[in-house]
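The values are calculated or read from the model by the stated rules, or taken from the named source; none is laboratory data. Fair warning: this is a prediction, and the values are worked out from it, not measured in the lab. Virtual Cβ from ideal backbone geometry, glycine too; neighbours counted across all protein chains shown.
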Amino acid sequence: MKNIYTILFSLVSIFLLNACETTEKIDDFPLRPSRLVVNSYFESDSIWKFQVSNSLSVLDNADLKIIDNASIRLFKGGEFLDTISEMDEDYWYRYTDHLPVQGERYSIEVSTPDFVSVIHAEDILPQAVPLSNVDVIVTDSSFNYERYYEWGTIQRGWVEGFFEITFLDPAMEENYYRMSLYSYDVDYDYVDSTIKHIYKRSVYYQVEDASIEDQFSSDDNLLFNDFLFDGQKYKIKLSFQEWDVFKGQEFYVELESLSRTGYLYKKSISEYENASGDPFSEPVRIYSNIENGFGIFAGLSRDQFVFTLD
Amino acid sequence: MKRKIIVLFFTLFSVALMYGQKYTISGYIEDAETGEKLIGANIYTQGNLAGTASNNYGFFSLTLEQGEYNIVFSYVGYQSDIQQVNLLEEKELIIALNPSIGIEEVEIIANSPSQSVKSTQMSSIDISVESIKKIPALLGEVDVIKAIQLLPGVQSGTEGASGLYVRGGGPDQNLILLDGTPVYNASHLFGFFSVFNADAINNVTLIKGGFPARYGGRSSSVLDISLKEGNMKKFQGSGSVGLIASKLTLEGPIIKDKTSFIVSARRTYLDLIAQPLIRQIGDGDEYTTQGYFFHDINAKINHKFSNKDRLFLSVYTGRDKFYQNQDPYKYLYDGTVYSNESKSDLGWGNITSALRWNHQYTSKLFSNTSLTYSNYNYGVKNYTEDIVENDAGVTSEINSLEFLSGIQDFAAKMDFDYLPAANHYIRFGANYIYHTFKPGASVYKIKNEEVGNLDTILGEDFIYASEFSVYAEDDIKINERLKANFGLHYSGFYVNNKYYHSLQPRVSARYLISESWSLKSSYAMMQQYIHLLTNNNIGLPTDLWVPATDKIKPQKSQQIALGISKAFDQMYHLSVEGYYKTMDNLIEYRDGASFMGSNTGWEDKVESGRGWSYGGEVFFEKKLGMLTGWVGYTLSWTNRQFEELNQGEVFPYKYDRRHDISVVLTFPIDEKWDFSASWIYGTGTAHTLPTERYFGDSQYFNYGVFSSVSGPYYNYYGDQTSFSGELEHIDSRNSIRAADYHRLDISFQKSKQRKWGEATWTLGVYNVYNRKNPFYYYVGYDSRGSRALRRVSLFPFIPSATYSFTF
């Protein structure tokens, strides 16, 4: 019996050891040249911010780089506004002279000396859809442990409940939304507890709404359109649970009103990241409205509701 | 004078009557040793070569003018029989052919027509079970589907899988029939083995195009598998013990020449072999057992009431199961005993059964009536029990969740064969199927102090649908050279107040250039009312059959084919065919969608589109002689187009292989040893891989605080988006070609006669030269840390040994 197991174990081991990975050289695998990448979300009455970088072939071992010598020409409704060419220390190109206005269409042309192609993009800044009402119902909570610092302690625990969020969808137009629920956690450095760290955390929630549940793409990324409730006052119920919270912690309910471009981009990002690591899922092609390049130039408006845990 | 005229008139009239009289020779053709009916046997007259073929039940009927004939009965692998018949009345014959023992026994009848050349059926291949058993097999497990995958026009999909991709069609477009009953999931162990036990099978026919009107419901192929009926003459058995599975088949008469049975069972013991290995590799947890097994059983009873009436009852059941059981684990803490037990398993399987009645009404009219049942289901179960014992008493908490999904059919059909004359073979019939689709239901059973006893079922309601079809076809001999099969198939499907229907013309024709050459053509329209939600990469039990709905329409295909068929003596046959096929209302998963997770709202996970495939196939086979086998070559293109996928642009189908070659050989080395080999080659399949990467938005990188010197990775209060994610760009679906696939498999068989029967050792090697064929690709890193395209290969050089026996 032992000999049989030895033989079988050897056979199986041969099988397991020989199944393998190898590095492949595919002669016609496309090695694409580097292209310009521009990323920008613009909001009403907010500073324009652009990130300009490069793309690389997936087989190129270099790091992706931020481009610091780009020239960004900004247009409003086809009319030239200004050229932005100064990059700040935090790698953003900013523009403050003319802030985005809701309902206006903007476009950009971006060029650099290192790239032959000039990239173009345009998008509209959608009107904000305000939150009509947000009711917060805490069904259970418990602050039953403490975190100790040199200067004192902070009580922490957990909370669960519901958010009932109401908004009025504009009629006779296609509207796209992103709902997110997050909080800002505060902690102090373990070496020097006078140094404060602020963390933005997503809050775990579930949608209690069958009509948009099918569009629910991940734990914290509720992207949906108004096709089923156009022009109506719509109420969404979210049940939430959060652990390791403290009294006084701020929770944000945010309703982003997206352009179709922004919606398609964020939806493809969400699908892409959800599929990542799943060998059985279909591949995702990320949406882009950048001509001759990659990235996104999209307008969005938002409204927030802040709830403080007490 | 008047009297003379009257006498002359009656004399001439009598002579005319005598010469105009036709009579029918009918009956059955069977194996002399077992009584098994021979399907597709050749029956023809020497001289004028008028002929016919036996049907799926061994019945034949040939109407000729009165006279004397030498009727030849022939079948590959059997000694032909010639019957001298003086046809002055209707004749009924039971013909028993003896199997040929060696090459010396094969008698080649001069000028005998090759059935392949004379038949109007094209794009069809009959593959003998004996051939299948000799083909070298993965881990020594002889497999019907793997043998089919070696034929031109048929792709296997991924390495080792049992999917069939026929002329550019998907794995859901194949009508797989087991004794006339559809089988919905023909895979064991992720598709590495099929559910068909070769020991129980009598005949295998694959039709890739030119579908006769009697078939319908799927758009790309028909795989018609008939089970053996059981030896009517004597009790016999066979079996094998292999590396991963064993099987045993018993058959014999219950009443000699009247009632027979066959039972064939197979079980793998992967779980038993793997258990010590898993324990050695794992953390040595002696409380946990886990493993996998599959089993299947075929059983059939066949009763002959008379030469005109026969009844068959056949049943198939098979199951796969992954399991993980944790034995009760107890520990004592602070005077209280806690114990926990858990079990979980994933199981799937088919049950099919068929009750069939053959009735011969007249020498020209034969019918088969069937009542069938088919059920495929898969289920995931998880059970845990926690028990707490202390001075206060004993409390237990049970949580049980079971998720079930599947499809169930009840069906009834009648098929008639009517042969009114030698130049007409008419078939007609009707079929009705009552489908029950079970998209998924969760059964919760909870018992604890808080909820008490909870037993509830949640999930989608069953969907009921009715599908029916009627058909008629006539195989007409128009003249000495031209023969055609004209048919119409009408089908309808009713589900959720939605009715779909389709009238499908089917035409095929054969023109005899000479006795050994024919030119063939065909046209077929097919419609399919059910779809398979499947992962294209690997056959998984979570594959789910769903009906057409008002959002997702039935699939359709149209195919034309043109070809030649050439017979060289009786030994060789060559067919060369070209085809063009279009497919509409195909479904594909959307970007990012996965079959994993719930199938709720599956219609929103898929897109509808179209596909087309065209190409040519060459098939050269040698069925008789010392060396047998075949060479197949396929040149093909297969594309897809979906408005909402790949930005509406055309993309190649994943299994679009430009060139596909297969060579299969078997020959005896000496009296005891046989050698067989198969070599396959295919150019690379199409894969979707990223080509570029860049910074972009990321839902993960919008949270937390962290920093990097190459920033901008700071994310503080007030800074909403950093575009810190690294995204990979895909040019288009299936735009990258994998490396070519090729593999050599060999096997040696040594047989020895024993007192009790015959014993055979089969030693085989899969992938002799250890080719690292691509299974899938991803972008990763090589051993030096540089970015590289990585290929994952699955099956290396694998030896196998199987001991089989017959008694």
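Whether a residue is assigned to a loop (DSSP other than H, G, I, E, B), buried (at least 17 other Cβ atoms within 10 Å of the Cβ), on the phi > 0 side of the Ramachandran plot and at pLDDT below 90 was assessed, and B:Phe795 does not pass this test. The set of residues in region B:231-240 being modelled with pLDDT of 90 or more and either crowded, with 23+ Cβ neighbours inside 10 Å or within 24 Å of the chain's Cα centre (by Cα) (or both) consists of B:Ser238, B:Gly239, B:Ser240. Return yes when B:Thr45 is in contact with a Lys or Arg (Cβ under 7 Å, 6 or more places away or on another chain) and at pLDDT below 90 and no when it is not. Criteria not met by B:Thr45. Tallying residues that are under 13 Å from the mean Cα position of the chain (by Cα) and part of a strand (DSSP E or B) within region A:255-287 yields 2. Scanning region B:704-721 turns up no residue that is at pLDDT 90 or above and either surrounded by 17 or more Cβ atoms within 10 Å (Cβ to Cβ) or out of contact with any Lys or Arg (no Cβ under 7 Å at 6 or more places or on another chain) (or both). Quick check on my filter: what residues within region B:654-693 are within 14 Å of chain A (Cβ to nearest Cβ) and either among the aliphatic types (A, V, I, L, M) or under 22 Å from the mean Cα position of the chain (by Cα) (or both)? Residues satisfying the conditions are B:Lys654, B:Thr685, B:Ala686, B:Leu689.
Of the candidates B:Arg214, B:Arg218, the single residue that is in a loop (DSSP other than H, G, I, E, B) and within 15 Å of the chain's Cα centre (by Cα) is B:Arg218. Every condition in (1) over 25 Å from B:Leu227 (Cβ atoms); (2) polar (S, T, N, Q); (3) modelled with pLDDT under 75 is met by B:Thr120 except one, and the failing one is (3).
Within region A:29-41, the residues that satisfy the criterion of being more than 7 Å from every other protein chain (Cβ to nearest Cβ) and either at positive phi or surrounded by fewer than 23 Cβ atoms within 10 Å (Cβ to Cβ) (or both) are A:Leu31, A:Pro33, A:Ser34, A:Arg35. Of the strands (runs of 3 or more DSSP E) that lie entirely inside region A:36-79, those containing 1 or more residues that are in contact (Cβ under 8 Å) with a residue 60 or more places away in the chain span A:36-42, A:48-54. Filtered by the rule that a residue be assigned to a strand (DSSP E or B) and facing chain B (nearest Cβ under 10 Å), region A:288-299 gives A:Phe294, A:Gly295, A:Ile296, A:Ala298. The number of residues in region A:45-96 being among the hydroxyl-bearing types (Ser, Thr, Tyr) and within 14 Å of chain B (Cβ to nearest Cβ) comes to 6. Yes or no: region B:729-742 includes at least one residue that is surrounded by 15 or more Cβ atoms within 10 Å (Cβ to Cβ), at pLDDT below 85 and more than 7 Å from chain A (Cβ to nearest Cβ). Taking every residue of region B:729-742 in turn, none turns out to be surrounded by 15 or more Cβ atoms within 10 Å (Cβ to Cβ), at pLDDT below 85 and more than 7 Å from chain A (Cβ to nearest Cβ). If you go through region B:360-401 and keep only what is within 30 Å of B:Tyr323 (Cα to Cα) and among the aliphatic types (A, V, I, L, M), you end up with B:Val380, B:Ile387, B:Val388, B:Val394, B:Ile398, B:Leu401. In region A:227-278, the residue that is farthest from A:Val134 (Cα to Cα) out of those that are within 13 Å of chain B (Cβ to nearest Cβ), acidic (Asp, Glu) and surrounded by fewer than 20 Cβ atoms within 10 Å (Cβ to Cβ) is A:Asp278. The number of residues in region B:754-792 that are surrounded by fewer than 18 Cβ atoms within 10 Å (Cβ to Cβ) and β-branched (Val, Ile, Thr) comes to 2. Within 23 Å of the chain's Cα centre (by Cα), surrounded by fewer than 16 Cβ atoms within 10 Å (Cβ to Cβ) and either touching a residue at least 60 places away in the same chain (Cβ under 8 Å) or within 24 Å of B:Glu229 (Cβ to Cβ) (or both) - does that describe any residue in region B:372-388? The answer is yes, given that some residue of region B:372-388 is within 23 Å of the chain's Cα centre (by Cα), surrounded by fewer than 16 Cβ atoms within 10 Å (Cβ to Cβ) and either touching a residue at least 60 places away in the same chain (Cβ under 8 Å) or within 24 Å of B:Glu229 (Cβ to Cβ) (or both). Scanning region B:380-430 for residues that are closer than 14 Å to B:Lys445 by Cβ and not hydrophobic (A, V, I, L, M, F, W, C) yields B:Lys381, B:Asn382, B:Tyr383, B:Thr384, B:Glu385, B:Ser396, B:Glu397, B:Asn399, B:Ser400, B:Glu402.
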